[in-house]
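Worksheet: the structure to be examined is printed underneath.
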Amino acid sequence: MVTRANRNFTPQEIERWKEHLFSERNLRVPVTELDKWPLSQYLWAAVFQARDLHELREPLDQNWQTPAWDFGRFAKAHPSLINLDENQALDAVRRAIGSGFWDEFLDMDQADAEMAFDDIWIQCRAIPGYDPLTVAVLEARNSKDDAADGPEGYETFLNVARSLKRQLGDKPFMLPCHKLAPMLACQPMTISRYRQKAIRDGHLKIAKQHSFRSATKGEATEFTYND
């Protein structure tokens, strides 16, 4: 039994969280599902995953790669923390799981650990799970849907395309039906129909047609967005 801050965790519970959430230093679940996890529970899972990852490092690497790095990356992935600055994020972590975990579970002095966390929050760019499409979906969900006469979900789809254009500039982007469908809670065919409608409406333009090759996976259709 692991006890900290009036919380008790069995080894089985900890392993279940870790197996569900993480695959080594990556997320096993889409970040769009992380808001279903209470912040405190998610952060405790991140603590234990960071501890285990640190134990796998070579002894020489442990001198400069601390468990605060993996914990900070995982923490930043949670939707309730991603848009906070470093001071707000640290305060949110303290309120959610306290500050004793640094020493008890990650073998780090609190002052050293919290300054490492502060630095990681600013320096980390490879946040687990946050590819451009995921960022676009999260932004689209938070955008006001002003469409009164379009099909349900169509304006959200367009907001995804707008976000991809903002992130990538003039570079073409993909809107993969099977990946995007569960993120927007619809069927892959609905994504295909959104794409066709957006082309008809003049919002999307095909930059590169889909190509199929029997010996390979082929290449997906690429689009650009017209304002």
Query raised in the report: To the nearest 10 degrees, how steeply does helix 11-21 sit against the main Cα axis of the chain, on a 0 to 90 scale?
Result: 30
Requested in this report: Quick one: which residues, 5+ away or cross-chain, put their amide H under 5 Å from the amide H of Asn226? H built at 1.01 Å from N.
Outcome: Leu204, Lys205
Query raised in the report: Given the Cα atoms of segment 64-108, and with Rh set as the inverse mean 1/r over their pairs in the Kirkwood sense, what is Rg to Rh to two decimals?
Result: 0.96
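Full extension from Ser143 to Glu24: what is 0.36 nm times the residue separation minus their Cα-Cα distance, to one decimal in nm?
Values: separation 119, 0.36 × 119 = 42.84 nm, distance 3.28 nm.
Taking Ser143 through Glu24 to full extension adds about 39.6 nm, to one decimal.
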Query raised in the report: For helix 110-123, what angle does its Cα long axis make with the longest principal axis of the chain, in degrees from 0 to 90 and rounded to 10?
Result: 20
Query raised in the report: Can you give me the relative contact order of the chain as a percent, contacts being Cα pairs under 8 Å and 6 or more apart?
Result: 14
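Per-residue ellipticity at 222 nm for the chain, helices alone: DSSP H runs ≥ 4 residues times -39500 (n - 2.57), over residue total, nearest 500 deg cm²/dmol?
Result for the chain: -16000 deg cm²/dmol, rounded to the nearest 500.
If you take the Cα Rg of the chain and divide it by 2.2 N^0.38 Å, with N the number of residues, what do you get? It would help to have the intermediate numbers written out before the result.
Numbers: Rg = 20.8 Å, N = 227, 2.2 N^0.38 = 17.3 Å.
Dividing the Cα Rg of the chain by 2.2 N^0.38 Å gives 1.20.
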Query raised in the report: Nearest 0.05, what FRET efficiency do Glu222 and Ser99 give at R0 = 45 Å with Cβ-Cβ as r?
Result: 0.45
Query raised in the report: Cα extents of segment 23-121 along the three principal axes, largest first, in whole Å?
Result: 37, 27, 21
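For segment 80-193, count the residues as N, evaluate 2.2 N^0.38 Å, and divide the Cα radius of gyration by that value, please. Mind showing how you got there, number by number?
On the way: Rg = 19.0 Å, N = 114, 2.2 N^0.38 = 13.3 Å.
Against the empirical 2.2 N^0.38 Å value, I get 1.43 for segment 80-193.
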Requested in this report: Let me know the number of lysine pairs in the chain closer than 24 Å at the Cα, not counting same-chain pairs under 8 apart.
Outcome: 29
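Readers should treat all values here as calculations from the given coordinates under stated rules, not as data from a laboratory. What you are looking at is a predicted structure, and each value in this text was computed from that prediction instead of being measured. FYI the Cβ positions are ideal-geometry reconstructions off the backbone, even for glycines, and counts take in every protein chain you see.
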